[in-house]
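The values are calculated or read from the model by the stated rules, or taken from the named source; none is laboratory data. Keep in mind that this is a model prediction, so the values were computed, not measured. Here the Cβ positions follow ideal geometry from the backbone for every residue, glycine too, while neighbour counts run over all protein chains shown. Quick note on the areas: whole protein, heavy atoms, side chains included, nothing else; ligands and nucleic acids left out. Shrake-Rupley method; radii C 1.70, N 1.55, O 1.52, S 1.80 Å.
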Amino acid sequence: MDPNPAELFPETVTDSDLRAFHRLVLLAAHADAIEILLAALADHLGVPSLSIASPDDPPPEPDTVLRIPLHYRERWLGDLCAPISDNQPRDDLADRLQFFSSAVALHLVMSTRLADQPGSTAVDDATRELREERDRLEAILEATNDAILLVDTHDLLVMATPQFESFTGISRYEILGLSVEQLAQRIDDHAGLPRALANVLRALSGNFTESLGGEFELVEPQPRVLVWYSLPVYVRSGVLLGRIFAFRDATRERELDRMKTDFISLVSHELRTPLTSVKGFSDLILESNLDRLDPDSREYLSIISFNADRLITLINDILDITRIDTDRIELKPEPCPAADIVDQAARALNSQLVQRGHRLSVDIPPDLPLVWADRARLVQIVTNLLSNAIKYTLKPGEIVVSARAVETPDDLPERAPRAQICPCVVISVRDTGIGIAPSHSHRLFQRFYRIETESSRGIGGTGLGLAIVKSLVELQGGRVWFESEPNLGSTFSFSIPIARNAPLAPY
Ligand code: ADP
């Protein structure tokens with residue numbers, strides 16, 4: 001039978017002493033200076049200071065200083081000394097110092113080269129090897145630019161690299177051995193550190209399955225962007241070690257990204273102004289002089305107008321992408337009827353539908369609930385999908401836009417991602433076009449991704465439409481997916497939360 005842990009220690013040892021002991025062992029393993037460990041112990045015991053007297057020091061006045069010998073494998077290393085005060089019972093303090101003395105002795109062994117002395121035994125050799133291995137690992141971790149925290153399976157912080165100190169201004173020796181809640185509290189108390197950092201630590205401690213990541217902005221000790229990830233760590237034998245949190249300084253990267261995005265945005269705006277004039281004037285000449293223009297001039301002006309349109313679409317797409325990237329997209333959600341949205345998109349594309357000889361039918365039940373979305377952006381989403389259905393259906397074909405209310409994730413269509421907000425409305429655009437081979441499915445919503453096949457060659461486009469659709473849908477709480485069969489057609493669908501679920505604050 002296992003001994004009762006309470007019986008292993010003197011009565012005076014409390015739970016808080018046991019936690020402090022654990023912390024001291026961690027400090028013994030990580031901190032080279034004994035002062036850090038002695039300061040933590042003095043703080044815990046409520047004595048003004050502690051010191052170590054070496055075996056060669058003269059004995060102090062027994063009335064003023066309490067001395068507890070420190071031993072390592074029967075070798076006397078020196079004494080742990082505490083000043084005696086009137087308000088602390090001497091025996092009580094002696095018991096507690098005795099209890100902590102092995103952690104202090106461990107530190108002396110780990111930080112000084114005691115195990116290297118002549119006459120060392122096999123245990124000394126093993127201790128030295130362990131210490132060297134620890135030093136090597138520490139040196140590697142300290143040389144990396146990332147800050148790393150390790151939280152064990154009891155929710156205690158058992159490792160913190162020096163980078164964490166420089167990123168947050170919190171000394172790692174102050175937090176080693178603390179519980180995650182205590183660490184999170186320290187971060188909360190720090191005005192320049194983001195609450196999100198403390199919340200991530202709280203939310204993920206005790207979770208030994210998920211890997212997650214994200215980004216924080218720090219104000220102090222220095223403005224910084226930290227990219228983080230966190231995952232459970234197992235040793236080779238499969239034993240769970242705990243959870244690691246790694247933080248990387250991405251300030252410079254983000255700054256360059258922002259400069260690039262600002263530059264693209266500026267250039268796009270500057271290009272749009274002259275292009276709008278080219279488009280406006282070519283249309284004006286075409287419309288007001290239709291009878292007077294010879295066929296060649298008419299054709300050239302039509303080409304100018306058509307290409308100006310293409311460039312304006314491209315520039316608008318690029319501007320949308322930069323707005324999405326810089327969180328500058330403004331969404332004004334309101335209750336919207338799906339039928340109106342589809343009608344608006346269909347009218348905008350009517351001339352293309354007629355020109356290509358497609359038949360469009362709309363299948364929306366009259367009692368469909370309103371959706372909670374930004375009206376203009378919803379029209380843009382449907383227009384993009386409908387425009388693709390028109391473009392990628394080469395012969396005159398059948399296009400159907402339908403919408404259905406979905407109450408629970410179980411009622412979602414088979415291909416729909418399960419993790420999404422319900423109740424929602426699912427809007428689908430089905431065509432009888434060229435279809436998409438399964439090998440493209442995982443990249444289809446990536447920026448600039450276009451499928452080059454015999455049948456799609458010559459069809460204009462930028463490869464930005466679906467990426468914008470995905471971002472706009474997800475920003476409004478929905479998901480997008482598709483199913484397709486090469487040469488038979490495709491169905492692109494997206495969900496959007498219904499208005500009765502409308503959040504009080506805008507997205
Ligand atoms: P673009 O149409 O400008 O190329 P998108 O991002 O809208 O860009 O679409 C990316 C690619 O996905 C297209 O190039 C096309 O190959 C494929 N695609 C999109 N919609 C359809 C569709 N309805 N049928 C077949 N292929 C499609």
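Of the peptides 252-260, 444-452, the order by per-residue mean of other Cβ atoms within 10 Å, starting with the highest, comes out as 444-452, 252-260.
Within a straight-line Cα-Cα reach of under 13 Å, Lys279 can be paired with the following aspartates and glutamates, leaving aside sequence neighbours fewer than 8 residues apart in one chain: Glu287, Asp309. Among the helices of the chain (complete DSSP H runs), which have Cα atoms covering no less than 18 Å along the helix axis and a Kyte-Doolittle mean of at least 0.0? Long hydrophobic helices here: 15-30, 90-111, 295-325, 375-391.
For the pair Thr326 and Leu137, label points projected 7 Å from Cα toward Cβ lie 4.6 nm apart. Full extension of the chain segment joining Ile84 with Phe208 gains 40.0 nm, where the gain is 0.36 nm per residue of separation less the Cα-Cα distance.
The convex hull drawn around the Cα atoms of the chain, when projected onto a plane and averaged over every direction, covers 36.4 nm². If you wrap the Cα atoms of the stretch 333-497 in a convex hull and average its projected area over all directions, you get 8.9 nm². Residues with beta-carbon under 10 Å from that of Leu204, excluding Leu204: net charge, scoring Lys, Arg +1 and Asp, Glu -1? Net charge in that neighbourhood comes out at +1. Of all beta bridges DSSP finds with both residues in the chain, what is the antiparallel percent, to the nearest 5? Antiparallel bridges make up about 90 percent of those DSSP assigns within the chain. Per residue, the chain exposes an accessible area of 55 Å² to a 1.4 Å probe, with every protein chain left in place. Pop the C-beta distance of Glu334 and Arg450 into the FRET formula with R0 = 45 Å and round what comes out to the nearest 0.05. E between Glu334 and Arg450, to the nearest 0.05, is 0.85.
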